[in-house]
Amino acid sequence: MTAALAAWRISEEPYYAPQGDEVALFEAAYAGRLPVMVKGPTGCGKSRFVEYMAWKLGRPLVTVACNEDMTAADLVGRFLLEPGGTRWQDGPLTVAARHGAICYLDEVVEARQDTTVVIHPLTDYRRTLPLDKKGELVKAHADFQLVISYNPGYQSLMKDLKTSTRQRFAALDFDYPAPELEAAIVVRETGLRADLAAALVQVAAAARRLKGHGLDEGISTRLLVYAGQLIAQGVAPRDACRMAMVRPITDDADIRATLDHAIDALLVA
């Protein structure tokens, strides 16, 4: 592993509980160096899965949190002005392509479409990255792989992936884990009692049934873990659920009242 990627190395195994055959499928995609799109709702474990796979495959993971202000230069690099002149600095995508890391573009749909097109040459037979400003064509390292995550729940005319981008990726669909597995994840991550973790999952299930009926998104597994961590710090379970699971997802008084009622019915004070 080159010095350029030392900071991106994952030294300890991240905890990840498989929901199906996604681990084997990702391994097959990496063996063929296929670019992969990981699709699913917020907080269902997409980023943890990618981190786990990078660890399992022994590859560094260069992660980019995409946003609407991100430019192509933020991905590929730019010239920096210094006292002695100018110096080129590779962006995270270029670093990964040059040296053989997995590059993970998290929530790629948040980036502008004119920015995401720079990844196209890396996602087909060419496996190259043109650095137009530098006049260089970077040929991707044999170990390089591109992974993006995407939340279909936020599709819109303004924020969606172009068909020309979608069809360059193999895709894995993710959802919230089955109730028993999700409760086990909460126990593992927080040390919570199994019966209390199961009650948190029931509250989350009630919220998820409201998606499309006043809620854009349900309560994520991540928020369940936050609630468990608050309870571990001595916060009353009902208060922890309201703070970590209900207040972040809605300001609608009626929906809050509905979910607060579910909390009161499922949890002790």
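Contact annotation: residue pairs with Cβ atoms under 8 Å, 6 or more positions apart or on different chains, pairing a residue in the range 126-145 that is at pLDDT 95 or above with a partner that is among the polar types (S, T, N, Q) and assigned to a strand (DSSP E or B), are LEU137/THR128; VAL138/THR128; LYS139/THR128; ALA140/THR128.
Answer yes or no as to whether ARG222 is assigned to a helix (DSSP H, G or I) and under 18 Å from ASP175 (Cβ atoms). So ARG222 fits the description; yes. A Cβ distance below 7 Å, combined with a sequence gap of six or more or placement on separate chains, defines the contacts here; from the range 232-257, residues that are assigned by TED's automatic domain parsing to the domain that holds VAL203 reach residues that are part of a helix (DSSP H, G or I) and among the aromatic types (Phe, Trp, Tyr) in the pairs ALA244/TYR226. Residues that are surrounded by 15 or more Cβ atoms within 10 Å (Cβ to Cβ), outside any helix (DSSP H, G or I) and more than 22 Å from the chain's Cα centre (by Cα) are absent from the range 237-246 altogether. Here the range 166-208 is the region considered, the condition is being touching a Cys at 6+ places or on another chain (Cβ under 8 Å) and either part of a helix (DSSP H, G or I) or of a type in the set (A, V, I, L, M) (or both), and the residue that is farthest from ILE255 (Cα to Cα) is LEU200.
Which one is nearest to ARG166 (Cα to Cα) among residues in the range 77-131 that are polar (S, T, N, Q) and touching a Pro at 6+ places or on another chain (Cβ under 7 Å)? Once the filter is applied, the top-ranked residue is THR123. Sort through ASP173, ASP251 and tell me the only one that's surrounded by fewer than 14 Cβ atoms within 10 Å (Cβ to Cβ) and either aliphatic (A, V, I, L, M) or closer than 24 Å to TYR16 by Cβ (or both). Exactly one of ASP173, ASP251 is surrounded by fewer than 14 Cβ atoms within 10 Å (Cβ to Cβ) and either aliphatic (A, V, I, L, M) or closer than 24 Å to TYR16 by Cβ (or both), namely ASP173. If you filter the range 71-93 down to residues that are crowded, with 19+ Cβ neighbours inside 10 Å and closer than 20 Å to VAL109 by Cα, you find that the one that is modelled with the lowest pLDDT is ALA72. With respect to TYR16, determine if the residue is closer than 23 Å to PRO152 by Cβ, in contact with a Pro (Cβ under 7 Å, 6 or more places away or on another chain) and hydroxyl-bearing (Ser, Thr, Tyr). For TYR16, the condition - closer than 23 Å to PRO152 by Cβ, in contact with a Pro (Cβ under 7 Å, 6 or more places away or on another chain) and hydroxyl-bearing (Ser, Thr, Tyr) - is not met.
The values are calculated or read from the model by the stated rules, or taken from the named source; none is laboratory data. Owing to the predicted nature of the structure, the values given are computational and were not obtained by experimental measurement. Note that we place each Cβ from the backbone using ideal geometry, even for glycine, and neighbour counts take in every protein chain shown.
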